[in-house]
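Colleague: Pasting in a structure now, in structure tokens, and then I'll have a few things to ask.
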Amino acid sequence: MKYYSTNHKAPLATLKDAVIRGLAPDKGLYMPESIPTLPESFFKDLHKKSLPEIGFTVANGLFGDDVEKTALKKLTEETLNFEIPLVKLSEQVYSLELFHGPTCAFKDVGGRFMARMLAYFTQNNDKDIYVLTATSGDTGSAVASGFYNVPGIKVIILYPKGKVSHIQEQQLTTHGKNITALEIDGTFDDCQKLVKEAFNNEQLRNDFMLTSANSINLARFLPQSFYYYHAVAQLGEDAKDIVFSVPSGNFGNLTGGLFAWTSGLAIKRFIAATNVNDIVPEYLESGEFNPRPSIKTLANAMDVGNPSNFARMLDLFKNDHDKMAAFITGYTLDDEGIKSYLKAIYEKHNYIADPHGAIGYAALEKLLQPNETGIFLETAHPAKFIDTTEEVLGKKIDIPERLELYLKKKKEAVELSADFQSFQDYFYSLK
Ligand SMILES: *Cc1c(COP(=O)(O)O)cnc(C)c1O
């Protein structure tokens, strides 16, 4: 399989090149030249299949020509070594719990898969490869955990000093080994700028092999299609009129779902659920795409003002606004709404959601039609956002043991100012 850039001004790339590069040279996002349709027999027996079985079939369709089968099987199984249960809240509404992985957010799936695929493609390199990741919290921890101890790969995480939660900081700074956290005296935008400057710096690129691990990388977003099949499988044989409500920021998660649908999975429609950073819902409504600086909200992993995977969504719908709007409905919820739906879901269903999942739930409450079955993606464990969830619900939230463990470890971070020279000097001190 070859991969083209959504900007159509870069040469076709192999899977290996696309994964190592991340972004195409024309700054577009890589897309597979075709999305394989899976056989009818696969869908007929879906409800009998386990998550790793489903994952391997889907991965094999996409990557089978480029990754050796036994390696791909191992890589998929290692990625999916935790449960992704579908929890029934009512006759019509289900929660797909994506937070049972090591860092308690859905990004574990993409983070783990990408780490293993990158390791596969660089196994014969004699030089270490450096994975640079700027994070406002959640991405960094999934990447750190996914890449921990992977041979030949060094991870450098840049996070803004004082601007991530205590739990998040512990998840970023306590790994050690091949993971280094840089505590940048600046904002998330400064962190992102340093990473971009590093990629544009020819000397640094010559002296170090660099790559990035955000959701523009196709090895991170494509595996996010696996659990859509698994969710439908768990609904059972007769499930129909299925609507997925996806709490979205950069729209990598929703794009994963669109790939599953394109391959033949019976999904009736999607809801793009956002906080007040509603650039995509606005586009669906009006046809105008107006990126703008992000606004801080209680669902902060979705505080995105210029959703990067929108380019992939447009590409999948061949730039046809009406087609996209017929299949995806936008929904927006502000902070007051997030609080009231966190409460409502608890009172009505005795279910504790996190602020992101609460938006997905709210969208179903508002937009689900009779006879439809709604699944919202619960993208993080409520304990990751314990300040909000405890305050709103007025009760103690249990912290899972794997999160608690991070809290007991010692923070190790390198403090740096936000200017590029210090970042560059830091790099050369590694040689
Ligand atoms: C990253 C994240 C999202 C947004 O996912 P996208 O793929 O960027 O749309 C939603 N919820 C949580 C908890 C996240 O960490």
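Colleague: List the residues whose amide H sits under 5 Å from the amide H of S294, counting only those 5 or more places along or on another chain, with H placed 1.01 Å from N in the peptide plane.
Modeller: Distant-sequence amide H within range of S294: G305.
Colleague: Same structure again: Charges at C-beta only: +1 for Lys and Arg, -1 for Asp and Glu. How large is the resulting dipole of the chain about its Cα centre, in Debye rounded to 20? Don't skip to the answer; put the middle values down first.
Modeller: Numbers: 45 positive and 55 negative charges, 159 e Å.
Result for the chain is approximately 760 debye, rounded to the nearest 20.
Colleague: Restricting things to alpha carbons, tell me how big region 297-431 is in terms of Rg and Dmax, in Å.
Modeller: Cα radius of gyration and Dmax of region 297-431 are 20.3, 62 Å respectively.
Colleague: Give me D for region 162-203 in µm² s⁻¹, whole number, from Stokes-Einstein with Rh from the Kirkwood sum over alpha-carbon pairs, 4 °C and 1.567 mPa s.
Modeller: 109 µm²/s
Colleague: Just to verify a number: FRET efficiency for K48 and E390, C-beta to C-beta distance, R0 = 45 Å, to 0.05?
Modeller: 0.65
Colleague: Could you give the size of the charge dipole of region 310-431 about its Cα centre, using +1 on the Cβ of each K and R and -1 on the Cβ of each D and E, expressed in debye and rounded to the nearest 20? Don't skip to the end; give the middle numbers.
Modeller: On the way: 16 positive and 21 negative charges, 76 e Å.
About 360 debye.
Colleague: Among L407, I352, V280, whose Cα lies farthest out toward the positive end of the dipole of the chain, if unit charges sit on the beta carbon of Lys, Arg (+1) and Asp, Glu (-1)?
Modeller: L407
Colleague: What accessible area per residue comes out for the chain, rounded to a whole number of Å², with a 1.4 Å probe? Walk me through the numbers before you get to the answer.
Modeller: Details: 17830 Å² over 431 residues.
Counting only protein heavy atoms, the per-residue value for the chain is 41 Å².
Colleague: On to the next question. Output the direction-averaged projected area (hull surface divided by four) of the convex hull of the alpha-carbon atoms of region 215-262, in nm².
Modeller: If you wrap the Cα atoms of region 215-262 in a convex hull and average its projections, you get 3.5 nm².
Colleague: In region 58-108, carbon and sulfur make up what percent of the accessible area (probe 1.4 Å)?
Modeller: Heavy-atom surface of region 58-108 belonging to carbon and sulfur, 1.4 Å probe: 47 percent.
Colleague: Could you please report the charge total around L80, scoring K, R as +1 and D, E as -1 over all other residues with beta-carbon less than 15 angstrom from its beta-carbon?
Modeller: Local charge sum for L80: +1.
Colleague: Okay, moving on. Whole angstrom only: what separates the Cα centroid of region 364-406 from the Cα centroid of region 149-165?
Modeller: After rounding, the separation between the Cα centres reads 25 Å.
Colleague: Just to be sure I understand the model, the point goes 7 Å from the Cα along the line to the Cβ. What's the resulting K411 to K348 distance in nm?
Modeller: About 3.9 nm separates the two model spin labels.
Colleague: Can you give me the % of accessible surface on region 129-218 that is carbon or sulfur? Probe 1.4 Å, all protein chains present, nothing else counted.
Modeller: The nonpolar share, carbon plus sulfur, comes to 45 percent.
Colleague: Right, something else. Which residues' amide hydrogens lie under 5 Å from the amide hydrogen of Y94, considering only partners 5 or more residues apart or on another chain, with H built in the peptide plane?
Modeller: L89, G374, I375, F376
Colleague: A further question on this structure: Pick from K395, K196, K411: which residue has the top mean-square fluctuation in a GNM of the chain where Cα pairs under 10 Å get a spring?
Modeller: K395
Colleague: As a test of the formula, what do you get for the chain when each DSSP H run with n ≥ 4 contributes -39,500 (n - 2.57) and the sum is divided by the residue count, at 222 nm and rounded to the nearest 500 deg cm²/dmol?
Modeller: -12500 deg cm²/dmol
Colleague: Assuming 0.890 mPa s and 25 °C, estimate D for the chain with Stokes-Einstein, Rh taken as the Kirkwood radius over Cα pairs, in µm²/s.
Modeller: The diffusion coefficient I find is 112 µm²/s.
Colleague: Next up: Using only protein heavy atoms and a 1.4 Å probe, report how much of K107 is accessible, in Å² to the nearest 10.
Modeller: 30 Å²
Colleague: Hey, what do the phi angles of region 210-218 turn into as Karplus ³J(HN,Hα) couplings, whole Hz, using 6.51/-1.76/1.60 and θ = phi - 60°, x for Gly and Pro?
Modeller: Karplus-based 3J(HN,Hα) across region 210-218 equals 10, 8, 10, 10, 8, 6, 5, 6, 5 Hz.
Colleague: Please work out the FRET efficiency for the pair V87 and Q203, using the Cβ-Cβ distance as r and a Förster radius of 56 Å; give the result to the nearest 0.05.
Modeller: So, using R0 = 56 Å, E works out to roughly 0.60.
Colleague: Given H placed on each backbone N at 1.01 Å, which residues far from T332 in sequence or on other chains put an amide H within less than 5 Å of it?
Modeller: Those lying under 5 Å, H to H, from T332 are T274.
Colleague: Taking every pair of distinct Cα atoms and averaging 1/r, then inverting, what Kirkwood hydrodynamic radius in Å comes out for region 185-280?
Modeller: 16.1 Å
Colleague: What percentage of all Cα-Cα pairs in region 27-118 are separated by more than 15 Å?
Modeller: The proportion of pairs with Cα distances above 15 Å equals 68 percent.
The values are calculated or read from the model by the stated rules, or taken from the named source; none is laboratory data. Only a predicted model underlies this, so the values are computations on that prediction, with no experimental measurement involved. So basically every Cβ, Gly included, is an ideal-geometry build from the backbone, and we count neighbours across all protein chains shown. When the accessible area is computed, the model is the full protein with side chains, heavy atoms only, and any ligands, DNA or RNA have been set aside. Shrake-Rupley method; radii C 1.70, N 1.55, O 1.52, S 1.80 Å.
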